[in-house]
Structures are given as C-alpha cells and as structure tokens.
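Peer 1: I have a structure I would like to understand better, so I am pasting it below and will then ask my questions one at a time.
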Amino acid sequence: MALTFRAEGDCLVAEISGEIDHHSASGLKDRISAEYKRGTARNLRLDFARVTFMDSSGVGMVIGRYKEAAERGGDLSVCGLSGELARLFEMAGLHKIISVK
C-alpha cells in the first residue's frame, strides 16, 4: 500500500494505492491522521482511484476519518471509487454521510 498527499485549497487529499485490509488499515489511519493534524486544511478527501481491494477494516478507517474531520469542523469526501468500492460504500451506508465525488 502506498499513500501520498497533496493540498487543494482548504482540503488535504490523501491518494491511496493498493489494498486496504486488516493488515494495512491501522497504519493507513495513523498516517492520514498525522498528516491531517499537522496541517491547517479543514477538509479531507480520500482518493480511492488506485485502491484494488477494501474490506470492512477500510470502512472503519473511513468512518474514523469522517469523525476526525467533523471534530475539526470540516468535511470528509471520497473520490475515485470503482464500481466494487461504490457498492461497498453503499452497503455500509457511507454514501449517506460522506460526499462521493
């Protein structure tokens, strides 16, 4: 799994590559949180365009980042969802609370 960051105005974009499973979700969470806390961006976007697999551990990681952004007065959005990931987000109900771009 690879992770890179870029700023877009008042948004920190985390570009995730590879698989998000129970082995990688915790480290991913820690790295995204650290970068988000280090900066001043209010909003956070997770870019899943290069994610090849995600299980329920990834869903938990996303929900945690949603809560973190809300505590900061910002919003969490996601982009680049494949058909499979979009279905996972819908089944988990994430599309009801998180903006999908």
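Peer 1: Provide the percentage of antiparallel DSSP beta bridges, counting only those with both residues in the chain; round to the nearest 5.
Peer 2: 30
Peer 1: To one decimal place, what orientation-averaged projected area in nm² is obtained for the convex hull of the Cα set of the chain?
Peer 2: Numbers: hull surface 21.7 nm².
Average of the hull's projected areas for the chain equals 5.4 nm².
Peer 1: If you wrap a convex hull around the alpha carbons of region 43-101, what volume per residue comes out, as a whole number of Å³?
Peer 2: On the way: hull volume 4.0 nm³, N = 59.
Measuring per residue, one finds 68 Å³ for the Cα hull of region 43-101.
Peer 1: Helix 56-71 sits at what angle to the longest principal axis of the chain, using alpha carbons and giving 0 to 90 degrees rounded to 10?
Peer 2: Approximately 20 degrees, to the nearest ten.
Peer 1: Which angle between 0 and 90 degrees, to the nearest 10, do you get for helix 83-92 versus the longest principal axis of the chain when only C-alpha atoms count?
Peer 2: Roughly 80 degrees between the two axes.
Peer 1: Send over a whole-number figure in Å² for the accessible area per residue of the chain, probe 1.4 Å. Could you put the intermediate results ahead of the total?
Peer 2: Values: 5370 Å² over 101 residues.
Heavy-atom accessible area per residue stands at 53 Å².
Peer 1: Taking the alpha-carbon distance from Lys101 and a cut-off under 18 Å, which lysines remain once sequence neighbours fewer than 8 residues away in the same chain are dropped?
Peer 2: The reachable lysines, counting only those whose Cα sits under 18 Å from Lys101, number zero.
Peer 1: Another question, then. Tell me the volume per residue, in Å³, of the convex hull enclosing the alpha carbons of region 8-61.
Peer 2: 68
The values are calculated or read from the model by the stated rules, or taken from the named source; none is laboratory data. Just so you know, these numbers come straight off a predicted model, no measurement behind them. Areas reflect the complete protein model, heavy atoms only, side chains present, ligands, DNA and RNA absent. Shrake-Rupley method; radii C 1.70, N 1.55, O 1.52, S 1.80 Å.
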